[in-house]
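Below is one structure, written out as structure tokens; the observations come after it.
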Amino acid sequence: MASSGTNARRDPSGLATLALRTSRRTELINITSEIQTLVTEAGCSSGVCHIYVPHTTAGVIINEGYDPDVVRDMELALDRLIPHKGDYRHAEGNSDSHIKVALVGTSQSVFIEHGRLGLGRWQAIFFCEFDGPRKRDVRVKIVAD
Amino acid sequence: MASSGTNARRDPSGLATLALRTSRRTELINITSEIQTLVTEAGCSSGVCHIYVPHTTAGVIINEGYDPDVVRDMELALDRLIPHKGDYRHAEGNSDSHIKVALVGTSQSVFIEHGRLGLGRWQAIFFCEFDGPRKRDVRVKIVAD
Amino acid sequence: MASSGTNARRDPSGLATLALRTSRRTELINITSEIQTLVTEAGCSSGVCHIYVPHTTAGVIINEGYDPDVVRDMELALDRLIPHKGDYRHAEGNSDSHIKVALVGTSQSVFIEHGRLGLGRWQAIFFCEFDGPRKRDVRVKIVAD
């Protein structure tokens, strides 16, 4: 089936890779519809959808997708909690980005039910950029029941 | 089989939904025995138990279930780390709840061994309420080997 | 097959347990090669590798494995974020350790592709000791496609 809905690449083992381009240093991006398209294209009715970020300065969370102020508050709170500038040794100047990833995590798993991501009513999947702008990948594996 | 041990609903695809009622704004609730009952009722001997919270102001962790002071220290530390009142835009007044969920996470996976949750000796599964009191759901999917 | 590459024990259900010895109170230890050895020994070409820490004062993350300064910055940042000494009730003096685990998490899942852990170029798997030095276990379950 053509991946008309997304720009995802698929390798022979069934993994799909979604390409993103971020535009700010700290930026949460709603990728729910892209992930749902991959589930639909895979034709999976029931199972688990594993979402994995193969980077060390970006992660993935599930949180509210309705009010954009929630996302903005989250970005600011993470930047306050782990400041960009600080008493860090790592020479690249992005230790805070690595630490933020350690806190939010690099993967999420969502159930698939009746061909749809089993998200709660207000939930969305957010790619978390912590050292942008960059080109990024998200890897998705769908395990059918 | 009757779900006599829990108040869980099951849908035809095998997912179980556990209903909870929380009583405080920030409250960690030990749900280990309810999850174990679901594993037992499913008759699964070996596999993975996925626990998923479909809310955006509640999460789930695995931590010490023996001394209630650990849980209380954790509740207070999270409230200190991400204060309820602050420089937030989101009009509902619960931005801190969303941020706490981003930190602790919305799902956990535990191995099933010989029909039991493969928790460590001191580990328990805690539902994490960050915007209670409320009625809440926890969704559980058991994938047998 | 002999577990010559690791000191892992295996139980009949296919779970492997990796034994570690930590040397500092807060210490991130790269366990990628030990986990890869378990994947290789299992002969799994494609699937999911679940890594689970059965302790309440230790966790596991995926982060940069190249520059040791990143790990050191992360250890210091977590100790600053959740101080060892504070207004805690738990009598054992390690409430901070429990709280750190709540933030970083007790499990990770990594795809297996062509017999290898599907980590990103700079990613490594780190056991996170937060109350060492101690003897610790890491449990690994490999689910083939």
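For B:Val70, the conditions (1) farther than 25 Å from B:Leu119 by Cα; (2) without any contact (Cβ under 8 Å) to a residue 12 or more places away in the chain are fulfilled apart from (1). Within segment C:28-60, count every residue that is part of a loop (DSSP other than H, G, I, E, B) and under 26 Å from B:Trp122 (Cα atoms). Matching residues across segment C:28-60 total 6. Number of residues in segment B:83-98 that are closer than 14 Å to B:Ala58 by Cβ and either out of contact with any Gly (no Cβ under 8 Å at 6 or more places or on another chain) or aliphatic (A, V, I, L, M) (or both) equals 3.
Can you list the strands (runs of 3 or more DSSP E) found entirely within segment B:76-145 that contain at least 3 residues being of a type in the set (A, V, I, L, M) and more than 9 Å from every other protein chain (Cβ to nearest Cβ)?
Numbers: elements: B:107-113, B:123-129, B:135-144.
Those strands (runs of 3 or more DSSP E) span B:135-144.
Among B:Ile51, B:Ile62, B:Ile82, B:Ile29, which is aliphatic (A, V, I, L, M) and within 20 Å of A:Leu78 (Cβ to Cβ)? Spell out how you get there, then give the answer.
On the way: B:Ile51 fails: within 20 Å of A:Leu78 (Cβ to Cβ); B:Ile62 fails: within 20 Å of A:Leu78 (Cβ to Cβ); B:Ile29 fails: within 20 Å of A:Leu78 (Cβ to Cβ).
After ruling out the rest, the residue left standing is B:Ile82.
With the condition kept exactly as written, say whether any residue in segment C:2-16 is at pLDDT below 95, among the polar types (S, T, N, Q) and touching a helix residue (DSSP H, G or I) at 6+ places or on another chain (Cβ under 7 Å). Yes, there is a match, as at least one residue in segment C:2-16 is at pLDDT below 95, among the polar types (S, T, N, Q) and touching a helix residue (DSSP H, G or I) at 6+ places or on another chain (Cβ under 7 Å).
If I filter segment B:30-37 for residues that are in contact with a helix residue (DSSP H, G or I) (Cβ under 7 Å, 6 or more places away or on another chain), of a type outside the set (Ser, Thr, Tyr), surrounded by 16 or more Cβ atoms within 10 Å (Cβ to Cβ) and on the phi < 0 side of the Ramachandran plot, do I get at least one hit?
Of all residues in segment B:30-37, those in contact with a helix residue (DSSP H, G or I) (Cβ under 7 Å, 6 or more places away or on another chain) come to none.
No, because not a single residue in segment B:30-37 is in contact with a helix residue (DSSP H, G or I) (Cβ under 7 Å, 6 or more places away or on another chain), of a type outside the set (Ser, Thr, Tyr), surrounded by 16 or more Cβ atoms within 10 Å (Cβ to Cβ) and on the phi < 0 side of the Ramachandran plot.
Considering segment B:63-75 alone, what residues qualify as being facing another protein chain (nearest Cβ under 7 Å) and either of a type in the set (Ser, Thr, Tyr) or out of contact with any helix residue (DSSP H, G or I) (no Cβ under 7 Å at 6 or more places or on another chain) (or both)? B:Asp67, B:Asp69, B:Arg72 - these are the residues of segment B:63-75 that are facing another protein chain (nearest Cβ under 7 Å) and either of a type in the set (Ser, Thr, Tyr) or out of contact with any helix residue (DSSP H, G or I) (no Cβ under 7 Å at 6 or more places or on another chain) (or both). Evaluating B:Thr56 against the criteria (1) open to solvent by 50 Å² or more (accessible area, probe 1.4 Å); (2) within 8 Å of another protein chain (Cβ to nearest Cβ); (3) touching a strand residue (DSSP E or B) at 6+ places or on another chain (Cβ under 9 Å) leaves one unmet condition, (1). Out of all the residues in segment B:100-118, is one or more of a type in the set (Lys, Arg) and within 18 Å of A:Trp122 (Cα to Cα)? Yes, some residue in segment B:100-118 is of a type in the set (Lys, Arg) and within 18 Å of A:Trp122 (Cα to Cα).
When A:Glu34 is tested against the conditions (1) at pLDDT below 95; (2) within 18 Å of the chain's Cα centre (by Cα), the lone failure is (1). Annotation: of all residues in segment B:76-102 being open to solvent by 10 Å² or more (accessible area, probe 1.4 Å) and in contact (Cβ under 8 Å) with a residue 40 or more places away in the chain, the one that is farthest from C:Gly14 (Cα to Cα) is B:His84.
The values are calculated or read from the model by the stated rules, or taken from the named source; none is laboratory data. Remember, predicted model here, so these are calculated numbers, not experimental data. Neighbour counts run over all protein chains shown; Cβ positions are idealised from the backbone, glycine included. These area figures cover heavy atoms from the full protein model, side chains too; ligands, DNA and RNA do not enter into them. Shrake-Rupley method; radii C 1.70, N 1.55, O 1.52, S 1.80 Å.
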